[in-house]
Amino acid sequence: MIPELVYTVLACARIGAVHSVVFAGFSSESLCERIMDAKSSILVTADGVYRGDKLINLKEISDEALEKCVEK
């Protein structure tokens, strides 16, 4: 959806990092579950993205997910 996504995925592949691209429509709870299941140590996100006319605030969703991960 944005050029930074391509740059980030290619950078991860270049250094050999295991990476997973997550759909922007996930809730913070779903994102938290994926982070916990994968035992991720780094989360890369954008501030937000437009899906049609709707703004999806990715940073807010990511922050909520990380807070939930800390609680678990």
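The values are calculated or read from the model by the stated rules, or taken from the named source; none is laboratory data. In this text, all values refer to a predicted model and were calculated from it rather than measured experimentally. Cβ: placed from backbone, ideal geometry, glycine included. Neighbour counts: every protein chain shown.
Quick notes on this one:
- Within segment 9-21, one or more residues are in contact with a Cys (Cβ under 6 Å, 6 or more places away or on another chain) and closer than 29 Å to residue 71 by Cβ.
- Applying the set (1) of a type outside the set (A, V, I, L, M); (2) surrounded by 14 or more Cβ atoms within 10 Å (Cβ to Cβ); (3) at positive phi to residue 19 leaves exactly one unmet item: (3).
- Applying the condition of being of a type in the set (A, V, I, L, M, F, W, C) and more than 15 Å from residue 63 (Cα to Cα) to segment 23-48 and asking which residue is modelled with the highest pLDDT yields 38.
- Counting only helices (runs of 4 or more DSSP H) that fall entirely inside the chain and contain at least 3 residues that are touching a Pro at 6+ places or on another chain (Cβ under 9 Å), no element qualifies.
- Close pairs (9 angstrom Cβ cut-off, 6 or more residues apart or separate chains): within 16 Å of residue 42 (Cβ to Cβ) in segment 1-29, among the basic types (Lys, Arg) anywhere: 20/34; 22/34
- Leading residue by the ranking (nearest to residue 23 (Cα to Cα)) among those in segment 45-70 that are of a type in the set (A, V, I, L, M, F, W, C) and loosely packed, with under 13 Cβ neighbours inside 10 Å: 55
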